[in-house]
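Supplied in structure tokens, the structure appears directly below.
The values are calculated or read from the model by the stated rules, or taken from the named source; none is laboratory data. Nothing here was measured: the structure is a model prediction, and the numbers come from that model. Please note: Cβ atoms are built from the backbone with ideal geometry, for glycine as well, and neighbour counts cover all protein chains shown.
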Amino acid sequence: MAKVFFFGYGAYKDYYRLAEIIGKNPEGGEGALLEGFDLGVQNIDNIPKEPREILLKVWGNNFQAYTMKRGTGFIQGRVWLLDEEDLEKIKEWEFINKSNWRELTNVTIKTSDGKTISAITDKSRDQYEIDQFVDGLNYESNLNLEGKKYHSEDDEYKIELMRKEIKEYYGQYANV
């Protein structure tokens with residue numbers, strides 16, 4: 001099975017959050033830096049209708065998501081080695097397959113040991129507004145209050161509820 005380098009920023013720079021989403025311990029996790037992008041935050045109103053409805057059910061009105069836009073800044077994160085199955089789970093989680101909100105994009109990153117490598121990452125499509133820009137070198141990995149309670153029963157419930165809602169969403173659009 002082919003493997004790809006995935007640049008994880010925001011919640012994807014957190015080992016435990018990524019493990020929850022892909023359902024296993026992720027490989028890699030070396031620190032990495034992306035140059036030429038600014039780190040933005042979208043609030044629930046910046047997200048298209050279909051994903052917004054699911055996110056509202058699970059995370060509430062205060063949901064926020066990181067994204068990035070070409071610019072002059074830097075974003076620090078981690079580089080993970082994912083197989084195709086892991087990447088499919090991320091694409092599903094981010095509504096990439098059935099929504100026009102987020103997309104995968106190719107980037108060039110520099111690892112903490114100085115190597116320059118090509119990787120893929122996810123971001124919001126450029127047509128969706130960004131509420132604010134933040135410091136891409138010093139930021140919380142998770143914007144959402146529920147997500148900050150690592151390994152709590154409530155957080156595990158939110159992850160399972162999100163999985164259920166995504167499966168229902170994809171089931172509705174199976175013939176699309």
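Which one is surrounded by the fewest Cβ atoms within 10 Å (Cβ to Cβ) among residues in the stretch 52-102 that are part of a strand (DSSP E or B) and small (Gly, Ala, Ser)?
Taking the candidates together, the pick is 71.
Filter the stretch 29-51 down to residues that are touching a Lys or Arg at 6+ places or on another chain (Cβ under 7 Å) and either among the small types (Gly, Ala, Ser) or in a helix (DSSP H, G or I) (or both), then give me how many there are.
Total meeting the criteria: 6.
Test each condition in (1) under 12 Å from the mean Cα position of the chain (by Cα); (2) closer than 18 Å to residue 141 by Cβ for residue 33 and report the one that comes out false.
All conditions are met except number (1).
Which of the numbered conditions does residue 134 fail, given that it passes all the others? Conditions: (1) surrounded by fewer than 11 Cβ atoms within 10 Å (Cβ to Cβ); (2) of a type in the set (Val, Ile, Thr); (3) at pLDDT 95 or above.
(1)
Let me ask something else about it. Counting only residues that are within 15 Å of the chain's Cα centre (by Cα) and surrounded by 14 or more Cβ atoms within 10 Å (Cβ to Cβ), which one in the stretch 137-156 is modelled with the lowest pLDDT?
Checking each candidate, the answer is 147.
In the list 92, 85, which residue meets the criterion of being farther than 16 Å from residue 27 by Cβ and among the acidic types (Asp, Glu)?
Answer to the check: 92.
Mind checking which pairs have a first residue in the stretch 83-110 that is of a type in the set (Phe, Trp, Tyr) and a second that is part of a helix (DSSP H, G or I) and surrounded by 17 or more Cβ atoms within 10 Å (Cβ to Cβ), Cβ under 7 Å, 6 or more apart or different chains?
93/21; 93/166; 95/51; 101/51
In the stretch 116-146, how many are over 12 Å from residue 41 (Cβ atoms), outside any strand (DSSP E or B) and hydrophobic (A, V, I, L, M, F, W, C)?
Of the residues in the stretch 116-146, 2 are over 12 Å from residue 41 (Cβ atoms), outside any strand (DSSP E or B) and hydrophobic (A, V, I, L, M, F, W, C).
Let me ask something additional. Any idea which of (1) in a strand (DSSP E or B); (2) among the charged types (D, E, K, R); (3) touching a residue at least 24 places away in the same chain (Cβ under 8 Å) is the one residue 113 doesn't satisfy?
(1)
Residue check, residue 24 against (1) surrounded by fewer than 16 Cβ atoms within 10 Å (Cβ to Cβ); (2) more than 16 Å from the chain's Cα centre (by Cα); (3) assigned to a strand (DSSP E or B), all met but one. Which one?
Condition not satisfied by residue 24: (3).
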